[in-house]
Amino acid sequence: MIRLIRGFRDILPEHTGLWALVEGVARELLENFGFSEIRLPVLEHTELFARGIGADTDIVEKEMYTFTDRNGDLLTLRPEATAGVVRSYVEHGFCASAPVQKLYTMGPMFRRERPQRGRYRQFYQINAEVLGVQSPLADAQLLVLVHEFFSRLGVTDAAVHVNSLGCPNCRNPYKEELKSYLAAKSGRLCQNCLRRKETNPLRVLDCKSEQCAEAVAGAPSMTDWLCDACRDHFAAVLSAAESQGVALVLDPRLVRGLDYYTRTTFEVRTSALGAQNAVAGGGRYDGLVQLLGGPPRPGIGFAVGVDRLVEILAAQKGYPQKCPDVYFACLGDAAKKAGFSLAAGLARAGVAAEMDFDGAGLKGQMKRAGKSGARFVVILGEDELAGQKAQVRNLKTKEQTEQPMEGLVESLARRVKEEKDNG
Ligand code: HAM
């Protein structure tokens with residue numbers, strides 16, 4: 001048997017209902033907040049991610065699925081969506097023609113991380129990106145949207161952590177300060193951070209190793225180094241988000257794992273997932289459009305980790321069962337034909353109908369009807385066909401009535417609706 005690749009998963013039918021529910025809530029909310037969908041390829045030139053995400057991040061250093069194409073091009077399966085969204089924005093000339101864009105996209109990402117619960121090599125994100133807006137209200141709007149999304153889904157313990165990483169004007173002097181702090185801690189840093197403390201000291205703050213976390217516990221905070229413009233921006237973001245009831249946790253250690261961030265950064269964390277506690281993350285990336293060959297245009301966005309979110313929801317409430325509204329139990333060829341036609345009529349009328357194509361005995365078919373979770377079972381046999389009547393059984397109340405075949409689709413559709421309206 002050929003098996004799945006390690007870190008890759010099949011999302012099975014009994015689970016996809018919850019995935020669809022999450023995606024549906026996201027889609028509705030994003031559209032209501034003025035976002036439009038964009039669909040992008042999963043394969044891009046490696047250069048896009050190396051430049052966009054940053055050469056000395058974990059993702060680019062060791063987690064990308066990269067290969068040389070037959071024509072010699074170096075290609076990578078996207079490890080995230082933001083760089084691709086920005087590439088598309090630049091490539092299609094939006095920077096000049098319509099610089100303000102609110103875009104969302106959903107789909108698989110690929111990172112060759114060590115697989116564990118909540119961490120996969122193919123995982124799914126819902127991304128929202130706002131391009132061309134400098135106002136702190138854009139940052140706040142995303143925080144409001146994220147907050148609304150999690151509360152609508154009933155995730156109660158999600159905490160939104162925020163920080164500001166400033167702009168190059170204030171971050172560069174901060175980096176120098178951090179470098180001298182880290183130089184004094186050299187003996188306590190992991191091998192990776194010993195190198196990164198020179199090339200990219202902010203990465204050391206994000207290192208997951210315990211010894212590094214201890215070493216940076218007393219490190220200076222970026223928020224103490226913000227220039228006036230960045231401080232004002234951050235204050236405006238916080239006050240606008242809080243005015244909408246979004247509770248925020250100020251977290252000066254939050255630097256995130258990608259290099260493109262400037263100013264506002266945030267992460268949604270829950271206690272439900274053990275080590276993989278981030279269920280969404282994002283922030284501003286005011287330099288990314290330019291870095292990827294466009295004119296200077298600001299950007300901000302976030303991504304929700306759908307695999308993790310689904311796991312949290314499943315642990316809270318289980319996976320929703322998918323049940324037909326009506327199940328047809330038919331005895332004999334003629335009855336099966338009649339059931340076939342009625343089931344198709346119901347499906348066309350928007351009622352979920354299922355029938356037993358091969359089932360022989362009534363007992364077995366009734367058993368399967370019960371197992372399917374259907375509200376009604378329609379029993380059709382020779383007698384029913386002769387009398388042009390069907391037996392309709394409500395599986396909840398066990399009440400069984402005889403109904404004329406004529407108008408059966410309409411009467412069943414009406415009864416299903418009544419049942420649903422009454423819960
Ligand atoms: P990220 O923090 O790398 O940010 O990923 C966002 C979310 O994707 C994480 O919070 C997590 O829930 C999920 N995730 C990441 N890696 C895995 C994995 N291996 N397995 C399962 N879930 C995972 C970004 O990707 C940025 N592009 C977000 C962004 C959008 N920033 C601005 N715009």
Taking first residues from the stretch 122-149 that are without any contact (Cβ under 8 Å) to a residue 60 or more places away in the chain and second residues anywhere that are open to solvent by 10 Å² or more (accessible area, probe 1.4 Å) and within 11 Å of the ligand (Cβ to nearest atom), the pairs with Cβ under 9 Å that are 6 or more apart or on different chains are none
Residue count for the stretch 14-54, restricted to those that are more than 18 Å from the chain's Cα centre (by Cα) and free of Cβ contacts under 8 Å to residues at least 24 places away in the same chain:
1
Residues T57, T16: which one is among the polar types (S, T, N, Q), farther than 19 Å from G118 by Cα, open to solvent by less than 70 Å² (accessible area, probe 1.4 Å) and out of contact with any Phe, Trp or Tyr (no Cβ under 8 Å at 6 or more places or on another chain)?
T57
Might you check whether a residue that is in the same structural domain as R51 (by TED's automatic domain parsing), outside any helix (DSSP H, G or I) and hydroxyl-bearing (S, T, Y) occurs anywhere in the stretch 234-250?
no
Go through the stretch 287-329 and give me each residue that's acidic (D, E) and away from the ligand (no atom under 16 Å from the Cβ).
D325
Just to check your reading of the model, which residue among V351, V392 is in contact (Cβ under 8 Å) with a residue 60 or more places away in the chain and within 17 Å of S411 (Cα to Cα)?
V351
For the stretch 167-193, what are the residues that are open to solvent by 60 Å² or more (accessible area, probe 1.4 Å) and within 34 Å of the chain's Cα centre (by Cα)?
P168, N169, N172, Q191
Across the stretch 51-84, the tally of residues that are among the acidic types (D, E) and over 18 Å from P201 (Cα atoms) stands at 4
Given (1) within 12 Å of the ligand (Cβ to nearest atom); (2) of a type outside the set (S, T, N, Q); (3) assigned to a loop (DSSP other than H, G, I, E, B); (4) in contact with a strand residue (DSSP E or B) (Cβ under 7 Å, 6 or more places away or on another chain), identify the lone condition not met by R114.
(4)
Subset of the stretch 378-423 that is part of a helix (DSSP H, G or I), among the small types (G, A, S) and open to solvent by less than 50 Å² (accessible area, probe 1.4 Å) - its residue that is nearest to G350 (Cα to Cα)
A413
Can you say whether G93 is open to solvent by less than 40 Å² (accessible area, probe 1.4 Å) and on the phi > 0 side of the Ramachandran plot, as far as the supplied structure shows?
yes
Looking at the stretch 128-201, what helices (runs of 4 or more DSSP H) fall wholly within it and have at least 2 residues that are in contact with an Asp or Glu (Cβ under 8 Å, 6 or more places away or on another chain) and not assigned by TED's automatic domain parsing to the domain that holds S239?
191-199
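Each row is one residue, and each column tells you yes or no for (1) closer than 30 Å to A229 by Cα; (2) more than 9 Å from the ligand (Cβ to nearest atom); (3) under 20 Å from the mean Cα position of the chain (by Cα); (4) not hydroxyl-bearing (S, T, Y).
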site: A81; (1), (2), (3), (4): yes, no, yes, yes
site: C95; (1), (2), (3), (4): yes, yes, no, yes
site: R119; (1), (2), (3), (4): no, no, yes, yes
site: F123; (1), (2), (3), (4): no, no, yes, yes
site: E129; (1), (2), (3), (4): yes, no, yes, yes
site: G132; (1), (2), (3), (4): yes, yes, no, yes
Could you say whether any residue in the stretch 66-77 is outside any strand (DSSP E or B) and modelled with pLDDT under 95?
no
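The values are calculated or read from the model by the stated rules, or taken from the named source; none is laboratory data. Only a predicted model underlies this, so the values are computations on that prediction, with no experimental measurement involved. Cβ atoms come from the backbone with ideal geometry, glycine included; neighbour counts cover every protein chain shown. Side chains are part of the model used for accessible areas, which takes the heavy atoms of the whole protein and leaves out ligands, DNA and RNA. Shrake-Rupley method; radii C 1.70, N 1.55, O 1.52, S 1.80 Å.
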